[in-house]
Amino acid sequence: MKTATTAQVLLLAYLLLFSLFVASDPRYYWDVVPYVAATLLNQHSDPLALHEATYSLLAGQLTPAQFQGLVAGDFAAGIYHDPQALWSQLPMYQSKPLYVGALRTLHLLGVNPVDGLLLLSLLPALAILLLVYGTLSRYCSPFKALLLVMVFAFAARLPDLSQGLVHNNLANLLVLAGSLALLEARRTDWAVPLFLLALLTRTDNIFYIGLCQALLCWRFIQQPQCYNTKEGIWRFAGLFLYPLVYLLIASSTGQSWWTLFYHTLIESQLQIQQFDQAFSWQLYWQVLAEALGALFSSGVTLVTVQPLFLLLLLLTIPLRHYGDLGKAQDGGGQHFSYADCGVIILLVMLIYLLLFPLLAAWDRFFTHFYALILIAAAQRIPGSSTWDTINGVHGAISNSLNPRYPGNSEA
């Protein structure tokens, strides 16, 4: 008990240092401008008034150098000088209704929108670390869990990413919480609402949560006798609700994949609503080929740490599970396993490569995947202490070299 308490105190000290680091140097990317505008939109229905209110607030809250960073460059300067251009960008940010709603709620409570952006980046990051620690504590000693959390934060670039004031940490937290509800608590009735909230925070979560829910429904169809009626209702309710919510958001904001792809990866558009560039295989392949070249280059880990966690994932998941994903499990099987989750993560990473090959943004999108991979790997580490782990690895190596050990003799 004393060991666990000491580890928890050290964890709180680490979280405090983490918070001070993030709050000491927040990074105001251009996305801050439309998020502040979306926050103020319910108070200013006129493009000119909204534009003036947004930039006036930012100029008053930021240093001259920080504000200059939001208006420098052709695209940012074009938005700064054209109220209609800022108005045109808003649907892309209103497609995250939960995040914008949280910013507006904080604003109504008296929190400045700029400070609200910082809170909605920092607090979810802290919650992610607490969730990871709590889950790891079920599989290893408190001090090992603490060490793994600290290494995870560094390896996944969480302090660095949290300084960027965008919606990703909140979306990642909700997906992680929903996944752990399935994996640890076996509660689909918890996971479905959390996944819906994640979808309302970032619509591209539809890939992961949709595949998870499809697998749950397929398992239910194969062996309905192993589950109760309530479980079946929640499984199929999620499968129905996720695409419905996604389509409602997409239709209400008028956004499409090609618009976002072109705007982000090819050429930024001042007037998104006037975008009429037809889909081009040549342009698409050019972007994808560049991404593939960067992904397989020797310096890829300077852009994203995804290959390192991908390696850990491949070492963690038994190869036999790739062919067993859709099969019924004996006796009803596991509700949803980390191996299931790992295979889906691999599929989603492939989807991102094909649909949104912006390698520099992947770590922001994959934080929850990295956390799940870490937890899955931690379960396969023998022993509950560092010394037990070393002895376990030493014993495995010794046994593999011993010709008398069962399984090592030649047939």
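Note on the range 320-403: enclosed helices (runs of 4 or more DSSP H) holding 1 or more residues that are at pLDDT 75 or above and hydrophobic (A, V, I, L, M, F, W, C) are 338-355, 362-379. For the range 255-266, indicate whether the set of residues that are surrounded by fewer than 17 Cβ atoms within 10 Å (Cβ to Cβ), in contact with a Leu (Cβ under 8 Å, 6 or more places away or on another chain) and modelled with pLDDT of 90 or more is non-empty. No, because not a single residue in the range 255-266 is surrounded by fewer than 17 Cβ atoms within 10 Å (Cβ to Cβ), in contact with a Leu (Cβ under 8 Å, 6 or more places away or on another chain) and modelled with pLDDT of 90 or more. Every test in (1) more than 25 Å from H44 (Cβ to Cβ); (2) of a type in the set (F, W, Y); (3) part of a helix (DSSP H, G or I); (4) modelled with pLDDT under 95 is passed by Y139 save one, and that test is (3). Quick check, is F207 of a type in the set (F, W, Y), surrounded by 24 or more Cβ atoms within 10 Å (Cβ to Cβ) and modelled with pLDDT of 95 or more? So F207 does not fit the description; no.
Can you find a residue that is part of a loop (DSSP other than H, G, I, E, B), at pLDDT below 95 and either within 25 Å of G101 (Cβ to Cβ) or touching a strand residue (DSSP E or B) at 6+ places or on another chain (Cβ under 8 Å) (or both) anywhere in the range 48-61?
If we filter the range 48-61 for residues that are part of a loop (DSSP other than H, G, I, E, B), which is where we start, we get none.
No - not one qualifying residue is present in the range 48-61.
Collect the residues in the range 127-165 that are aromatic (F, W, Y) and within 15 Å of L372 (Cα to Cα), keeping them in residue-number order. Before you say what the answer is, go through the steps one by one.
Residues of the range 127-165 that are aromatic (F, W, Y), as a first pass: 133, 139, 143, 152, 154.
Hits for the range 127-165 are Y133, Y139, F152.
Considering the conditions (1) modelled with pLDDT of 90 or more; (2) not aliphatic (A, V, I, L, M); (3) not in a helix (DSSP H, G or I), W285 is excluded by exactly one of them, (3). The set of residues in the range 245-291 that are farther than 16 Å from A361 by Cβ, among the hydrophobic types (A, V, I, L, M, F, W, C) and touching a residue at least 60 places away in the same chain (Cβ under 8 Å) comprises I249, A250, L270, I272. Listed by first and then second residue, the pairs linking a residue in the range 110-136 that is more than 21 Å from L183 (Cα to Cα) and charged (D, E, K, R) to a residue that is assigned to a helix (DSSP H, G or I) and at pLDDT below 95, with Cβ atoms under 9 Å apart and 6 or more places separating them unless they lie on different chains, are D115/Q61.
Can you spot a residue in the range 77-90 that is under 30 Å from F154 (Cβ atoms), among the polar types (S, T, N, Q) and part of a helix (DSSP H, G or I)?
Restricting attention to the range 77-90, the residues satisfying the condition of being under 30 Å from F154 (Cβ atoms) are none.
Scanning the range 77-90, I find no residue that is under 30 Å from F154 (Cβ atoms), among the polar types (S, T, N, Q) and part of a helix (DSSP H, G or I), so the answer is no.
The values are calculated or read from the model by the stated rules, or taken from the named source; none is laboratory data. Since the structure is predicted, the reported quantities are computational estimates derived from the model, not experimental observations. Positions of Cβ are generated from backbone atoms using ideal geometry, with glycine treated the same way; all protein chains shown enter the neighbour counts.
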